[in-house]
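I have placed the structure first, in the form of structure tokens, so that the comments after it can refer back to it.
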Amino acid sequence: MPHEWRILEQGPEELSDLDLLSSILARSSRRCGPEEIAARVLSMGLPALRRASAGELLTIEGLRQRDAARVLAALELGRRVAQAAAPRRERLLQPGDMAAILAPRLAHLLHEEFWAILLTARLEPVRMLPIARGGLTQCSVLPREAFAPAVLHRVPRVAFAHNHPSGDAQPSADDLRLCAALDQAGRTLGIEVVDHLVLADGAFHSARQGPGLLPRVAAAA
């Protein structure tokens, strides 16, 4: 299996140092295969490679300028990633916090949409995305559809939300049944369902804390 496919399917952590470097040198010299040249590069040792200059790399037999540049670029990118500070993400601790960020997308719509908010263990939003789109009074969603993004992104928590074009944020009987089904599915999958929100024009309903009012700016967006 080519190194590129192994990286995509198994993850780069499953490859050896030789395989990783060979994937960068995939089109190296006609006289030497990428594995042979990668072995020569690695013979200097990883600590020395981390500090290697262009001149030092170009003294290695068979290593072309283009491949030396790729190695230097990969090393520099790795350094920058290691030193980069993770951005601070606002925690969504209350139902109103989640309602406020979704209301501009949903509260004004004339059809129902069902959305998921993927969350970290600290209730930081990872991604917000639509799951399904319905009509004026209904939006059909299956648990496997609702949880697919959470499973894909491996998040421990998720919140769900949909809008009521009627302007009434009170959950319907169908909403309550869906809420129960999603709670059960979450327990089975080991993904905590933080809340189920119903959004309407100027108001929202939280399955966990009951009714609430949307911020005026969000409701008008």
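The strands (runs of 3 or more DSSP E) located wholly in the range 110-187 that include 2 or more residues which are over 18 Å from SER206 (Cβ atoms) and at pLDDT below 95 occupy 125-133.
Residues are listed down the side, and each one gets a yes or a no for (1) at pLDDT 90 or above; (2) under 23 Å from ARG79 (Cβ atoms); (3) of a type outside the set (A, V, I, L, M, F, W, C):
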| residue | (1), (2), (3) |
| --- | --- |
| LEU20 | no, yes, no |
| SER23 | no, yes, yes |
| ARG30 | no, no, yes |
| VAL41 | yes, yes, no |
| ARG50 | no, yes, yes |
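Output the residue which, of all residues in the range 102-143 that are open to solvent by 60 Å² or more (accessible area, probe 1.4 Å) and in contact (Cβ under 8 Å) with a residue 40 or more places away in the chain, is nearest to ARG208 (Cα to Cα). Outline the logic, then answer.
Our first condition is that a residue be open to solvent by 60 Å² or more (accessible area, probe 1.4 Å); within the range 102-143, this holds for 105, 108, 110, 121-122, 126-127, 130, 133, 136-138, 140, 142.
This time we only want the ones that are in contact (Cβ under 8 Å) with a residue 40 or more places away in the chain, so: 108, 110.
On the way: HIS108: 23, LEU110: 26 Å.
Among those that are open to solvent by 60 Å² or more (accessible area, probe 1.4 Å) and in contact (Cβ under 8 Å) with a residue 40 or more places away in the chain, it is HIS108.
Among the residues of the range 50-69, those that are farther than 18 Å from HIS3 by Cβ, in a helix (DSSP H, G or I) and within 35 Å of the chain's Cα centre (by Cα) comprise ARG50, ALA68, ALA69.
Comparison of GLU9, GLU4 shows that the only residue that is out of contact with any strand residue (DSSP E or B) (no Cβ under 9 Å at 6 or more places or on another chain), within 30 Å of VAL158 (Cα to Cα) and surrounded by fewer than 11 Cβ atoms within 10 Å (Cβ to Cβ) is GLU9. Number of residues in the range 181-200 that are exposed (fewer than 12 other Cβ atoms within 10 Å of the Cβ) and not β-branched (Val, Ile, Thr): the value is 2. Restricting ALA203, ALA173, ALA159 to those that are among the small types (Gly, Ala, Ser), open to solvent by 10 Å² or more (accessible area, probe 1.4 Å) and touching a residue at least 24 places away in the same chain (Cβ under 8 Å) reduces the list to ALA203.
Looking across the range 12-22 at every residue that is of a type outside the set (S, T, N, Q) and touching a residue at least 12 places away in the same chain (Cβ under 8 Å), the one that is surrounded by the most Cβ atoms within 10 Å (Cβ to Cβ) is identified as LEU21.
The values are calculated or read from the model by the stated rules, or taken from the named source; none is laboratory data. Since this is a predicted model, take the numbers as computed values, not measurements. Cβ atoms come from the backbone with ideal geometry, glycine included; neighbour counts cover every protein chain shown. Protein only, heavy atoms only, side chains kept; ligands, DNA and RNA dropped before computing areas. Shrake-Rupley method; radii C 1.70, N 1.55, O 1.52, S 1.80 Å.
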